Amino acid sequence: MFIPRFHNIGTGLALICALGSPTPTLAAISSFQLDWSGAVFGNQAEAHALLSVDDILFPDTSGLVWLTPGIEVTGFNITVSGAATGNGNFDLTDYAAFIWDTTGATLDFTQELVGQTISSGYNWGEGYDTGGDFSLIAAELSNAPTGDGWYFKLATANGTGDNLKLTSFRPYQTSPVQPVPLPSAFWLFATVFGLLYRNAWGERR
């Protein structure tokens, strides 16, 4: 009875190792740093954000589209300071949607996006109605900054505070999703059972 019992354990362990082995995924997350300033509107407000998107789902070339938090946009954190109202830190849960528009142009995501040439000779991020768009739509009950109806423009305190203009949209990092290895204790456990299994077969012979 001793030998079959260890044979079954060894077989089960081999299956666990096969199923539990880390496997890579093709999905990748790209992250960008974004800045807004109120200087052009005569105020001292500023905002800085880290945006992360799913490379597979994020439309790098598009007309106006709505992006969904948790799907195309996988992470978002923004900090507002210097505003008369609406200062603070906000994250993805504060937003209902994001608006993205390259006017059909292909942008180089390895470089600063603001100022890149798009259709009709305009530059992305520099016009209020000619240069594409990136806007935030805050959740109804949030005090986060939100788009006020104009392209690349935010207003703090969910639209009731200071105005800000997007000044930078640049790459932060691009890193593939790494598989999570099983803890070393698991492999030690597997090694011990493997030795016991081998010894058990040795005793049988």
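The values are calculated or read from the model by the stated rules, or taken from the named source; none is laboratory data. Since we're looking at a predicted model, the values are computed, not measured. Here the Cβ is made from the backbone with ideal geometry for all residues, glycine too, and neighbour counts use every protein chain on show. These accessible areas exclude ligands, DNA and RNA; they are computed on the full protein's heavy atoms, side chains included. Shrake-Rupley method; radii C 1.70, N 1.55, O 1.52, S 1.80 Å.
In this label model, Thr117 and Ser142 are separated by 3.6 nm, measuring between points 7 Å along each Cα→Cβ vector.
Residues Glu126, Glu140, Glu46, Glu72, sorted by accessible area with the largest first, give Glu140, Glu126, Glu46, Glu72 [1.4 Å probe; ligands and nucleic acids excluded].
Once backbone amide H atoms are built at 1.01 Å from N, Ala96 has Ile137, Ala138, Ala139 as its partners under 5 Å, excluding neighbours fewer than 5 places away on the same chain.
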